[in-house]
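Q: After the structure tokens below, expect a handful of questions from me.
The values are calculated or read from the model by the stated rules, or taken from the named source; none is laboratory data. What you are looking at is a predicted structure, and each value in this text was computed from that prediction instead of being measured. Because the Cβ atoms are built from the backbone with ideal geometry, glycine has one as well, and the counts that use them run over all protein chains shown. Accessible surface areas use protein heavy atoms only, side chains included; no ligands, DNA or RNA. Shrake-Rupley method; radii C 1.70, N 1.55, O 1.52, S 1.80 Å.
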Amino acid sequence: MTTATENSPAYQHLLDNSRITRAHVLLLLTCFCLNMVDGYDVLSIAFAAPPLASEWGLKPESLGLLLSAGVFGMTLGAMFLAPLTDTLGRRRMVLAAVMVMGFSMIMSSRAAGLTELIALRVLTGLGTGAMLASLTALISDFFPARNRELAIGITLAGYPMGATLGGFLAAKLIPNYGWQGVFMAGGIATLLLLPVIVAYLPESVHFLMRRRPHDFLQKANTVLGRLELAPMASVPDMREAIEKASVGSLLAASRRNMTLWLWSGFFLTFGTLYFLLSWIPKLLVDSGVDLSIAIYASSFFNLAGALGNVGMGALSRRAGLGYSILAFATLSALFMIVFAVMSLDTMVILTLAALIGFFQQGALVGFYILAARVYPPEIRATGVGWGIGLGRFGAVIAPYLGGLMVAAGLDITTLFTIYAVPLIAAGLIGLAICRRYLDAESA
């Protein structure tokens, strides 16, 4: 199978071997901030849910539907809107996604009923799902090869940071502005990033060269100039056929097995992540831990997860992506088992929650990096988007299965041991994909 780096045109070699410039740094900061508002917007419903349920008198099943609406929208956005990034352009898709997210968040603050708010949460999720894949593809397109994995890790660290900081902001907003203030603040913050995108988020040179819109060579040279690279004197000879971005291209005979294994890795890591996010507080409280400690444990899990994203990006270039994914997944599984059997001392709980979050979320980011590496630029956002989208089915199924097992009387030790197994399997899948489809030095 031809990998993303083979048969690359001359401009790709310039980008791969460029030095980090001010334009790179501004692009990275912009993508990080976009992921922060992404994390806040997705989890804003969790912050707003308690006062909203009380005010509207929502039953648990109605509240559960509302809480799931955003994740459902993210799944659809990643699978069906993200592929348009490879056709319409990275920059255009990010601008559209931010506008959809911002306005739907503001409209959510004005929602008058459950059905209306569910529809708006799906709309917010659509924008979020499309943008996550677009940002990963954009960073991969622009950053030099030696810094690419770290840049993706830093970008994706914005998501758990936004989710965590959003909780602190919501605690200040709700007493003064009610649940409506949570949505309004998120919408305003999201829309404020529009001029930042216009200023610092350039269009992908890959897209310009392959799709060739009006004045494409001039636009591409402007981007290269911002990166302090020499302009192209003429249009590159693109001998290879431009592959159409679609799910069919991901399942072409040359990459079908790789894609199916990659989807499996996303499914398993997303499933474990959302099981932990959903059940850590409840299982700790059921085990006799004070509620405040259980909430702190969840916060430590998220904050350390942001660091784990960066850690995966930094380690994967040195130790190899496959071995890094396996190591992070295995260590997270190990710490999950230790967490379940250790004494319920506060410092032990918080430390182990942080270690689990660091390695588990780092392993998940490893699959983002892997998807960006194995697919060529013309279908990169499609590949990342479908990986995220199908992985989200794991995010829906795993917490539900956890609830069934809790109802059946399984304790925290058994549950954490059971959910450690998919993580180890995901680590082995990541290593196998790297060994089979990337250069030997990358495995």
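Matching residues to (1) in contact (Cβ under 8 Å) with a residue 12 or more places away in the chain; (2) assigned to a helix (DSSP H, G or I); (3) open to solvent by 40 Å² or more (accessible area, probe 1.4 Å):
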| site | (1), (2), (3) |
| --- | --- |
| Ser264 | yes, yes, yes |
| Leu277 | yes, yes, yes |
| Ile280 | yes, yes, no |
| Val285 | no, yes, yes |
| Ile293 | yes, yes, no |
| Gly305 | yes, yes, no |
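Q: Of a type in the set (Gly, Ala, Ser) and open to solvent by 10 Å² or more (accessible area, probe 1.4 Å): is that true of Ala96 in this structure?
A: For Ala96, the condition - of a type in the set (Gly, Ala, Ser) and open to solvent by 10 Å² or more (accessible area, probe 1.4 Å) - is met.
Q: Assess whether Thr124 counts as being out of contact with any strand residue (DSSP E or B) (no Cβ under 7 Å at 6 or more places or on another chain), among the β-branched types (Val, Ile, Thr), surrounded by 24 or more Cβ atoms within 10 Å (Cβ to Cβ) and closer than 18 Å to Ala372 by Cα.
A: Answer is no for this residue.
Q: Right, here's the next one. Under the condition of being among the aliphatic types (A, V, I, L, M) and open to solvent by 10 Å² or more (accessible area, probe 1.4 Å), which residue from the stretch 196-222 is farthest from Leu27 (Cα to Cα)?
A: Looking at residues that are among the aliphatic types (A, V, I, L, M) and open to solvent by 10 Å² or more (accessible area, probe 1.4 Å), I get Leu217.
Q: Turning to a different aspect of this structure: With the checklist (1) at pLDDT 85 or above; (2) surrounded by fewer than 16 Cβ atoms within 10 Å (Cβ to Cβ); (3) among the hydrophobic types (A, V, I, L, M, F, W, C); (4) assigned to a helix (DSSP H, G or I) in hand, flag the one item Ala253 doesn't pass.
A: (4)
Q: Could you list, in sequence order, the residues of the stretch 241-250 that are open to solvent by 60 Å² or more (accessible area, probe 1.4 Å) and at pLDDT 65 or above?
A: Passing the criteria: only Lys244.
Q: Only one of Ala395, Ala363, Ala372 is in contact with a Lys or Arg (Cβ under 8 Å, 6 or more places away or on another chain) and either of a type in the set (Val, Ile, Thr) or assigned to a helix (DSSP H, G or I) (or both); which?
A: Ala372
Q: Follow-up. Does any residue in the stretch 228-240 that is among the aliphatic types (A, V, I, L, M) and surrounded by 11 or more Cβ atoms within 10 Å (Cβ to Cβ) come within less than 6 Å, Cβ to Cβ, of a residue that is at pLDDT 85 or above and part of a loop (DSSP other than H, G, I, E, B) six or more places away or on a different chain, and which pairs are these?
A: Short answer, once both residue conditions are applied: Leu229/Ser18.
Q: Keeping to the stretch 99-116, report how many residues are in a helix (DSSP H, G or I), open to solvent by less than 70 Å² (accessible area, probe 1.4 Å) and either of a type in the set (Val, Ile, Thr) or in contact (Cβ under 8 Å) with a residue 60 or more places away in the chain (or both).
A: 7
Q: Further, regarding this structure: Ile424: modelled with pLDDT of 90 or more, more than 22 Å from Ser287 (Cβ to Cβ), outside any loop (DSSP other than H, G, I, E, B) and open to solvent by 60 Å² or more (accessible area, probe 1.4 Å), yes or no?
A: When the stated conditions are applied, Ile424 passes them.
Q: Say whether the condition of being at negative phi, β-branched (Val, Ile, Thr) and surrounded by 19 or more Cβ atoms within 10 Å (Cβ to Cβ) is met by at least one residue in the stretch 322-344.
A: Within the stretch 322-344, one or more residues are at negative phi, β-branched (Val, Ile, Thr) and surrounded by 19 or more Cβ atoms within 10 Å (Cβ to Cβ).
Q: Out of Leu88, Leu15, I need the residue that is within 26 Å of Ser234 (Cα to Cα) and without any contact (Cβ under 8 Å) to a residue 40 or more places away in the chain. Which one?
A: Within the list Leu88, Leu15, the selection yields Leu88.
Q: Another question, if that's okay. Conditions: (1) crowded, with 18+ Cβ neighbours inside 10 Å; (2) part of a helix (DSSP H, G or I). Leu67 meets all but one. Number of the miss?
A: (1)
Q: Can you spot a residue in the stretch 342-350 that is in contact (Cβ under 8 Å) with a residue 24 or more places away in the chain, of a type in the set (A, V, I, L, M, F, W, C), within 18 Å of Ile293 (Cβ to Cβ) and in a helix (DSSP H, G or I)?
A: Checked the stretch 342-350: at least one residue is in contact (Cβ under 8 Å) with a residue 24 or more places away in the chain, of a type in the set (A, V, I, L, M, F, W, C), within 18 Å of Ile293 (Cβ to Cβ) and in a helix (DSSP H, G or I).
Q: Then there is this: Please state which one of Gly73, Gly89 is at pLDDT below 95, over 16 Å from the mean Cα position of the chain (by Cα) and open to solvent by less than 10 Å² (accessible area, probe 1.4 Å).
A: One residue alone meets the criteria, Gly89.
Q: Quick check: is even one residue across the stretch 149-166 open to solvent by 30 Å² or more (accessible area, probe 1.4 Å), of a type outside the set (Ser, Thr, Tyr) and outside any helix (DSSP H, G or I)?
A: So far as the stretch 149-166 goes, no, none of its residues is open to solvent by 30 Å² or more (accessible area, probe 1.4 Å), of a type outside the set (Ser, Thr, Tyr) and outside any helix (DSSP H, G or I).
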